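Colleague: Here it is: the structure, laid out below.
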Amino acid sequence: MNSSGITNRIMEIFKEINSIPRCSKHEEKIADFLLDWAKKRNFDAKKDKANNVVINVPATRGCEKKESIALQGHMDMVCEKTTDSQHDFSKDPIKVIRQGDWVRADSTTLGADDGVALAIGLAIASTDDLEHPKLELLFTADEETGMNGAKNLQTGFFKSKKLINIDSEREGVFTIGCAGGEDTDIEMPVRNEIQEGYFYEITIDGLLGGHSGVEIDKLRANALKLIVEFLKSLDEDSEARLSSINGGSARNAIPKHASAVIYMKKAIKAENIALFYKEILEQYPEEKNIKIDFKQLKNIGKVFVNSKEIIELLDELPHGIYEKTELGITKTSNNLAKVITKKDKLIISTNQRSLTEEGLNTITAKIENIANKYKAKYVSYNRYPSWQPNYNSTLVTKSSKIYEKLFSKKPKIEVIHAGLECGIIGSLNKDMDMISIGPDMKNIHTPQESLYIPSLEKVWRLIVAILKEI
């Protein structure tokens, strides 16, 4: 199959996958699609209680005695859309739009993270003229909200001791280690009272956002933190207080949208808004599409009696890089991910990451201590281990030589701050040999997510060569 044929085949399968709803925790339909796909081709396949799927693809002639290899990715996707989109992720297909060498979706996340893993795996399994050992196509569920599919894998569900994870976003980069993570939810009591004065709704939108592991070091603006900064910038005699605050959409996405209803004793001045906007652009020059909207509301409404404590709590909670390694690599971080106002409480969600258990303990303890300071309840959960790199593994060494032979350059080998299921899979199978690769993508977990088409062929060629030669 020539290069255009390879790319077209992968994209055909990817578009079919994108016609099936697969938001995190709703993978039933995509799991059933995979089982049906396997049945039509007489491949053994099974699904476990966590909705993980494994498809067993027999070795091709002459490769029967070779050790099996797992090709792994996750079925679910982050379901994000623009504020004006009418897309219904529970039933509407993702509309794929091609622009030159890139593809994106129409006002939603594209789902290339990690639909390309499914598409590449199915394309390899259904191509007759390839040489490969027995393959186990391992597709996990609920990766984006805690890697719960991987956590619930049972011993024996798949048997390969070598695994190629297809969940990285830069072609030519071999990931061989990643951060571990943990989530924390904080519940802050809210006491309301009626006040008469000036009420405004402030909405911040159009930020870049992004993946809280991949883009956390790019110092992008957090819409929730910006609202807190605005409240802090107001004069004390304005007596600004919160009536509600909401923002963020996913645990592992940097908030690009937030809104709040605020009370003020006196009317806001236009120069306050203009100065705030100017300061944001100076601090975050890449946030060129930021939108700040102020709208005056009725003059009487409920306000938080404990607004001061809530603002201080949100201000003190860390966001962004917390600690770097001696080489300047992000070691520990936190994403202030979501805030939801309910009738009598505020729900705050964070996502911590670290390359070490010590670092994860430290950042989680800091968040819990801040919650304690303001007498808020908290729970930390969904902890998953880091993936410690093995630079001398057989798979890494041989795959690097194959890449250099194919493309006349060495791959970049790195450890990333984002979490990968390899950490969990490795903790469950101590002798696993793993690498993570993938095509070029940009802005994953946002409606600006895009996939670079030419990189698909290179990933295909690399995997096919590894399966043939290793």
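Colleague: What is the magnitude of the charge dipole of the chain about its Cα centre, with +1 placed on the Cβ of each Lys and Arg, -1 on the Cβ of each Asp and Glu, and no other charges, expressed in debye to the nearest 20? Mind dumping the intermediate values first?
Modeller: On the way: 66 positive and 69 negative charges, 144 e Å.
So the dipole magnitude of the chain works out to roughly 700 debye.
Colleague: For the pairs Lys65/Lys405; Lys91/Lys134; Lys338/Lys366; Lys225/Lys265; Lys366/Lys412, flag any whose C-alpha to C-alpha distance is greater than 28 Å. Write down the numbers at each step before the final one.
Modeller: Numbers: Lys65/Lys405 25 Å; Lys91/Lys134 35 Å; Lys338/Lys366 18 Å; Lys225/Lys265 23 Å; Lys366/Lys412 34 Å.
Beyond 28 Å: Lys91/Lys134; Lys366/Lys412.
Colleague: Among the Cys residues of the chain, which have no other cysteine Cβ under 4.7 angstrom away?
Modeller: Taking the Cβ cut-off of 4.7 Å, the unpaired cysteines of the chain are Cys63, Cys178, Cys422.
Colleague: Taking the stretch 286-364, which GluC sites (Glu not before Pro) meet the DSSP loop condition and have no more than 11 other C-beta atoms within 10 Å?
Modeller: Working: sites: Glu286, Glu287, Glu309, Glu312, Glu316, Glu323, Glu326, Glu357, Glu358; in loops: Glu286, Glu287, Glu326.
Counting only loop positions with at most 11 other Cβ atoms within 10 Å, the GluC sites (Glu not before Pro) in the stretch 286-364 are Glu326.
Colleague: Relative to the longest principal axis of the chain, what angle (0 to 90°, nearest 10) does the C-alpha long axis of helix 453-469 take?
Modeller: Helix 453-469 sits roughly 40 degrees off the main axis of the chain.
Colleague: Estimate the FRET efficiency between Thr83 and Glu282 by the formula 1/(1 + (r/R0)^6), using the beta-carbon distance for r and 25 Å for R0, to the nearest 0.05.
Modeller: Working: r = 25 Å, r/R0 = 1.01.
According to the calculation, E is roughly 0.50.
Colleague: Could I ask something else about it? Under 17 Å from a label point 7 Å along Cα→Cβ of Lys298: give me every residue in the stretch 260-279 with its amide N that close.
Modeller: 261-264
Colleague: Could you pull out which residues in the stretch 153-171 have an amide N less than 19 Å from a spot 7 Å beyond the Cα of Glu414, following the Cα-Cβ vector?
Modeller: It comes to 165-171, nothing else.
Colleague: Another question, then. Over what distance in Å are the Cα centres of the stretch 3-41 and the stretch 183-212 separated?
Modeller: 38
Colleague: If you take every DSSP beta bridge whose two residues both sit in the chain, what share of them, in percent to the nearest 5, is antiparallel? Numbers along the way, then the final one.
Modeller: Working: 76 of 95 bridges.
Of all bridge pairs located within the chain, approximately 80 percent are antiparallel.
Colleague: Output the 0 to 90 degree angle, nearest 10, between the alpha-carbon long axis of helix 307-316 and the longest principal axis computed from the alpha carbons of the chain.
Modeller: The angle comes out at about 40 degrees.
Colleague: Using the number of other C-beta atoms within 10 angstrom as an exposure proxy, rank Tyr263, Tyr198 with the fewest first. Don't jump to the answer; show the numbers that get you there.
Modeller: Working: Tyr263 24, Tyr198 17.
In increasing order of surrounding Cβ atoms, one gets Tyr198, Tyr263.
Colleague: Return the loop-located trypsin sites (Lys or Arg not before Pro) in the stretch 319-371 (DSSP other than H, G, I, E, B) with at most 14 other Cβ atoms within 10 Å of their own Cβ; answer none if there are none.
Modeller: In loop regions of the stretch 319-371 (DSSP not H, G, I, E or B), the sparsely surrounded trypsin sites (Lys or Arg not before Pro) are Lys342, Lys343.
Colleague: Calculated from the structure, Cα extents along the principal axes in Å equals which of [x] 81, 43, 42; [y] 86, 49, 44; [z] 72, 63, 52?
Modeller: Working out Cα extents along the principal axes in Å from the coordinates points to [x].
Colleague: Moving on. What spacing in nm lies between the two simple spin-label points modelled at Ser126 and Asp36, each 7 Å away from Cα in the Cβ direction?
Modeller: 1.3
Colleague: Among the aspartates and glutamates, which have Cα under 15 Å from the Cα of Lys343 when same-chain residues fewer than 8 positions away are ignored?
Modeller: Glu187, Glu193
Colleague: Just to verify a number: FRET efficiency for Glu28 and Lys266, C-beta to C-beta distance, R0 = 60 Å, to 0.05? Mind showing how you got there, number by number?
Modeller: Numbers: r = 54 Å, r/R0 = 0.90.
About 0.65, to the nearest 0.05.
Colleague: Okay, which of the stretch 92-134 sit inside 20 Å, backbone N to the point 7 Å along the Cα-Cβ direction of Ala59?
Modeller: 124-134
Colleague: Continuing with this model, one more query. Within the stretch 434-470, list the GluC sites (Glu not before Pro) lying in a DSSP loop whose Cβ has at most 13 other Cβ atoms in a 10 Å radius. If you can, show how the numbers build up before the last one.
Modeller: Working: sites: Glu449, Glu457, Glu469; in loops: Glu449.
Nothing satisfies the criteria.
Colleague: If you don't mind, another one. Could you work out how much longer the chain between Glu309 and Ala365 gets when fully extended? Use 0.36 nm per residue separation minus the Cα distance between them, nm to one decimal. Working shown, then result.
Modeller: Numbers: separation 56, 0.36 × 56 = 20.16 nm, distance 1.97 nm.
Gain in length upon complete extension: 18.2 nm.
Colleague: Let me ask another. Round to a whole angstrom and tell me the spacing of the C-alpha centers of the stretch 393-470 and the stretch 131-167.
Modeller: First find each Cα centre; the distance between them is then 15 Å.
Colleague: Further, regarding this structure: Which of Val173, Thr184, Ile435 sits farthest toward the positive end of the charge dipole of the chain, with +1 on the Cβ of Lys and Arg and -1 on the Cβ of Asp and Glu?
Modeller: In the chain, that residue is Ile435.
Colleague: When the helix-only estimate is applied to the chain (DSSP H runs of n ≥ 4, each -39,500 (n - 2.57), divided by the residue count), what is the mean residue ellipticity at 222 nm, nearest 500 deg cm²/dmol? Write out the running numbers ahead of the final one.
Modeller: Details: 11 runs with 137 residues, N = 470.
The helix contribution divided over the chain gives -9000 deg cm²/dmol.
No lab work stands behind these numbers, since they all come straight from the coordinates. In this text the structure is predicted, and so the values were computed from the model without any measurement. Heads up, the Cβs are rebuilt from the backbone with ideal geometry, glycines too, and the neighbour counts pull from every protein chain shown.
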